[in-house]
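Visitor: The structure's right below; bear with me while I get my questions together.
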Amino acid sequence: MRIVSGIQPTGNLHLGNYLGAIRNWVRMQDEHPAGSCLYFLADLHAISMPHVPAELSANTREMVAALVACGIDPARSVLFNQTQVPEHAQMQWLLNGTARMGWLNRMTQWKDKAGKNREGQSVALFTYPVLQAADVLLYQATHVPVGEDQKQHLELARDIAQKFNNDFCTEDAPLFTLPDPMIPPEAARIMSLRDGSAKMSKSDPSDMSRINLTDDADTLMNKVKKAKTDPEPLPSDKDGLAGRPEAANLVGIYAAMAGSSVEQVLAEFGGQGFGRFKPALGDLLVAKLAPINDRFVALRQDRAALDAILRAGANRARELAAPTLAAAYDALGLVR
Ligand code: TRP
């Protein structure tokens, strides 16, 4: 198994990122032999949208610190920044010859992000999925942990791989492995603490709406205390959460953090009011997040350590990428 996944360095990681993607990455790392997982910061993808250069570099380093703090172990996983492995950009160019305009035109993320103004978008936003295909095909990835929203991009990567294999390889020696998306079944959808119908997001203007991995214990307790709820006590079964998005969100967060299920949480807290439940949730969050927070705060300021982690990861990634990139040049008849 070769597991490859990337995350854009947006900065300011919150509980939604942690429970959605990162915790899953850590689980995969822990369940597979050392060296099976490659995780990277997709900083090249970040320039497909308007961005502030100084923020991108700061966010990239900050995100490495956060990933390590959350449990990604650079000794067991290959952790690197996309820019430091130029093979990604090179492979993308080669795959641009295989990807079709029509395929990219059908990508829902492109349509959503471009909206009515396609003409005004960067070319990078349009070819973003080809770079993503390069990211995984370069390493012969067999499995790609992603959220539901990235499934279509993975299907495109398979289509590109298949067409390249058909067009440029013999049937008994295909170059690319077709990667499978791995979408965690219980990926908890973490919602805003202020509005149970909006996703927890780093772009919400109210910091009270989200739990940041940088929040200290007092801040965490306060945010949970102030979280929006309704006046009813918690129900004793899941059906009772219907139409109560804020209650459902807090119970979901509790279950995800405790490693239990919504049913189990309701068996314990059903019939109790938020006056009892919120302090319990706050204590749980503090217990689980404080160690992450401590590691994050320490590592974030250790620029030398961060750069060393990235350098080692990039060296290893480049070794792994080299044979496939060379074979792709050869298959295309490019003289290297
Ligand atoms: N597009 C992905 C996202 O926004 C990030 C990403 C870039 C990625 N390259 C990847 C994910 C390769 C998996 C594999 O979430």
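The values are calculated or read from the model by the stated rules, or taken from the named source; none is laboratory data. This is a predicted model, so every value here is computed, not measured. Glycine also receives a Cβ, built like all others from the backbone with ideal geometry; neighbour counts cover every protein chain displayed. Please note that ligands, DNA and RNA were not included when accessible areas were found on the heavy atoms of the full protein model with its side chains. Shrake-Rupley method; radii C 1.70, N 1.55, O 1.52, S 1.80 Å.
Visitor: How large, in percent, is the carbon and sulfur part of the accessible surface of segment 207-298 at a probe radius of 1.4 Å?
Guide: The value for segment 207-298 is 53 percent carbon and sulfur by accessible area.
Visitor: May I ask you to derive the FRET efficiency for Asn96 and Arg276 from their Cβ-Cβ distance with R0 = 56 Å, giving the value to the nearest 0.05?
Guide: On the way: r = 58 Å, r/R0 = 1.03.
Calculated value: 0.45.
Visitor: On to the next question. Quote the accessible area belonging to Asp294 in square angstrom, nearest 10, computed with a 1.4 Å probe and with ligands, DNA and RNA left uncounted.
Guide: Estimated to the nearest 10 Å², Asp294 gives 100 Å².
Visitor: Name the lysines eligible as straight-distance cross-link partners of Lys111: C-alpha to C-alpha under 21 Å, and not fewer than 8 places from it in the same chain.
Guide: Lys151, Lys199
Visitor: Right, another one. Computing the accessible area with a 1.4 Å probe over protein heavy atoms, can you report the carbon and sulfur percentage for segment 1-87?
Guide: Answer for segment 1-87: carbon and sulfur cover 56 percent of the accessible area.
Visitor: Here is a follow-up. As a test question: what accessible area, to the nearest 10 Å², does Lys225 have when a 1.4 Å probe is rolled over all protein chains in place?
Guide: So the heavy atoms of Lys225 present about 150 Å² to solvent.
Visitor: Sticking with this one: Out of segment 128-193, which GluC sites (Glu not before Pro) are coil in DSSP terms and have no more than 15 other C-beta atoms within 10 Å?
Guide: Within segment 128-193, the qualifying GluC sites (Glu not before Pro) (loop, at most 15 other Cβ atoms within 10 Å) are Glu171, Glu186.
Visitor: Considering only DSSP beta bridges where both residues belong to the chain, give the percentage that are antiparallel (nearest 5).
Guide: Bridges in the chain are about 15 percent antiparallel.
Visitor: When ligands, DNA and RNA are left out and all protein chains stay put, how many square angstrom of accessible area per residue does segment 207-298 have with a 1.4 Å probe?
Guide: 46 Å²
Visitor: If you don't mind, another one. Give me the aspartates and glutamates in straight-line cross-link reach of Lys228: C-alpha distance below 16 Å, same-chain residues under 8 apart excluded.
Guide: Cross-link targets: Asp195, Asp204, Asp207, Glu246.
Visitor: How large is the accessible surface per residue of segment 12-88, computed with a 1.4 Å probe and reported in Å² as a whole number?
Guide: 35 Å²
Visitor: For the full complex of protein chains and a 1.4 angstrom probe, list Arg106, Arg316, Arg336 by accessible area with the highest value first.
Guide: Sorted descending by solvent-accessible area, the residues read Arg336, Arg106, Arg316.
Visitor: Same structure, new question: What ranking of Glu263, Glu246 comes out by heavy-atom accessible area, probe 1.4 Å, highest first? Numbers along the way, then the final one.
Guide: Details: Glu263 95, Glu246 25 Å².
Of Glu263, Glu246, the descending order of accessible area is Glu263, Glu246.
Visitor: So if the hydrodynamic radius of the chain is defined as the Kirkwood radius over C-alpha pairs, what does Stokes-Einstein give as its diffusion coefficient at 37 °C and 0.692 mPa s, in µm² per second?
Guide: D, rounded to a whole number, is 153 µm²/s.
Visitor: Measuring from label point to label point, each 7 Å out along Cα→Cβ, what is the Ala326 to Met182 span in nm?
Guide: Placing both labels 7 Å along Cα→Cβ, they lie 2.9 nm apart.
Visitor: Report, in deg cm²/dmol and to the nearest 500, the calculated mean residue ellipticity at 222 nm for the chain, where each DSSP H run with n ≥ 4 adds -39500 (n - 2.57) and the sum is divided by the residue count.
Guide: It comes out at -16500 deg cm²/dmol, rounded to the nearest 500.
Visitor: Right, next: Take each of the peptides 130-136, 161-167, 46-52, average the number of other beta-carbon atoms within 10 Å over its residues, and list them starting from the highest.
Guide: 130-136, 161-167, 46-52
Visitor: Can you figure out the FRET efficiency of Leu334 with Arg106, using R₀ = 25 Å and their beta-carbon distance, to the nearest 0.05?
Guide: Efficiency computed from Cβ-Cβ geometry: 0.30.
Visitor: Compute the length gained on full extension between Val52 and Arg303: take 0.36 nm times their separation in residues and subtract their Cα-Cα distance, giving the result in nm to one decimal. Intermediate values should be presented prior to the final figure.
Guide: Numbers: separation 251, 0.36 × 251 = 90.36 nm, distance 2.02 nm.
Fully extending the segment from Val52 to Arg303 adds 88.3 nm.
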